[in-house]
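Novice: Okay, handing you the structure first.
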Amino acid sequence: KCVFNMVDKDSGKQITVVVYVDDLLITSAAQAAHDRLSIFLKGEFESITYSGIVDILDYLGMEISFNRSTKCVTVTMSGYTKDILKDFGYLIGTVSTPALPDLFAIDTSSIRLAEAERKILHSTVQKLLYLTKRTRPDILTPVAFLTTRVLEAAAEDRVKLERVIKYLRGTIDLGICFSSTGDLESFIDASFGVHRDGK
């Protein structure tokens, strides 16, 4: 509902406008089409600020880097990741994987976290879920598991979360690179089952 596409009649190229709250992201392979739409929007909405064409864009916590020579778009969330890591300055070192083989094992004798600690774990898992869905599918499995534990978090869950944090510390700049020699198509389910038929 917040992504609008049209084909520019002069260039025949597609223009895409993504709306997120009060931010617009405009993309097009045709510079002139992009410029015409930007001028039109500025004429309609006096408060619009135009950032222009950029090689690196900071958008909703994502750093999007455009390499025109390789036709590659790299999306990272280094700044967002560093903000998460600040709360875990007491952890030392890095690890090579975000989870151990016993990730799904639940020790019923593990001591439940105090409510304040549980809230911190819950909040951190939410932040990691945001990160995972955008640029870090490599931490999807442990984060998805931890989402099932946030309401009844125990000491072992904190240890599993800390492992993900240590992994992130060693891979802060890791992201996703999109490259193509032709058209690039991607799909994502962002509706979270809001339709009555569950689709």
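The values are calculated or read from the model by the stated rules, or taken from the named source; none is laboratory data. Since we're looking at a predicted model, the values are computed, not measured. Cβ coordinates were reconstructed from backbone atoms using ideal geometry, including for glycine residues, and neighbour counts include every protein chain displayed. All accessible areas refer to the heavy atoms of the entire protein, side chains included, with ligands and DNA or RNA removed. Shrake-Rupley method; radii C 1.70, N 1.55, O 1.52, S 1.80 Å.
Novice: Residue by residue through the range 136-165, note down the ones that are open to solvent by 60 Å² or more (accessible area, probe 1.4 Å) and either more than 13 Å from the chain's Cα centre (by Cα) or without any contact (Cβ under 8 Å) to a residue 24 or more places away in the chain (or both).
Specialist: Those that are open to solvent by 60 Å² or more (accessible area, probe 1.4 Å) and either more than 13 Å from the chain's Cα centre (by Cα) or without any contact (Cβ under 8 Å) to a residue 24 or more places away in the chain (or both): LEU140, THR141, THR148, LEU151, GLU152, ARG158, VAL159.
Novice: Ok, one more. Applying the selection to the range 4-38, what residues are among the β-branched types (Val, Ile, Thr) and farther than 24 Å from GLU63 by Cβ? Spell out the reasoning first.
Specialist: Here is the first cut: in the range 4-38, the residues among the β-branched types (Val, Ile, Thr) are 7, 15-19, 21, 26-27.
Within the range 4-38, just VAL7 meets the criteria.
Novice: Pick from the range 12-64 the residues that are at pLDDT below 80 and more than 26 Å from LYS82 (Cα to Cα): which of them is most open to solvent (accessible area, probe 1.4 Å)?
Specialist: Among residues in the range 12-64 that are at pLDDT below 80 and more than 26 Å from LYS82 (Cα to Cα), the one most open to solvent (accessible area, probe 1.4 Å) is GLU46.
Novice: Residue check: is GLU117 open to solvent by less than 60 Å² (accessible area, probe 1.4 Å) and modelled with pLDDT of 95 or more?
Specialist: In short, no.
Novice: Further, regarding this structure: Are any residues in the range 86-98 open to solvent by less than 80 Å² (accessible area, probe 1.4 Å) and modelled with pLDDT under 95, and if so, which ones?
Specialist: PHE88, GLY89, LEU91, GLY93
Novice: Which members of the range 138-164 meet the condition of being of a type in the set (Val, Ile, Thr) and part of a loop (DSSP other than H, G, I, E, B)?
Specialist: THR148
Novice: Moving on to the next point. Return the residue satisfying two criteria in turn: it lies in the range 65-82 and is in contact (Cβ under 8 Å) with a residue 40 or more places away in the chain and assigned to a helix (DSSP H, G or I), and of such residues it is least open to solvent (accessible area, probe 1.4 Å).
Specialist: THR81
Novice: Considering the range 150-199 alone, what residues qualify as being of a type in the set (S, T, N, Q) and modelled with pLDDT of 70 or more?
Specialist: THR171, SER179, listed by residue number.
Novice: Return the residues of the range 111-135 that are in contact (Cβ under 8 Å) with a residue 12 or more places away in the chain and in a loop (DSSP other than H, G, I, E, B); say none if nothing qualifies.
Specialist: Within the range 111-135, ILE111, LEU113, THR135 meet the criteria.
Here's the yes/no breakdown for (1) of a type in the set (Ser, Thr, Tyr); (2) in contact with a Ser or Thr (Cβ under 8 Å, 6 or more places away or on another chain):
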position: SER96; (1), (2): yes, no
position: ALA114; (1), (2): no, no
position: LEU140; (1), (2): no, yes
position: LEU151; (1), (2): no, no
position: ALA154; (1), (2): no, yes
position: TYR167; (1), (2): yes, yes
position: ILE176; (1), (2): no, yes
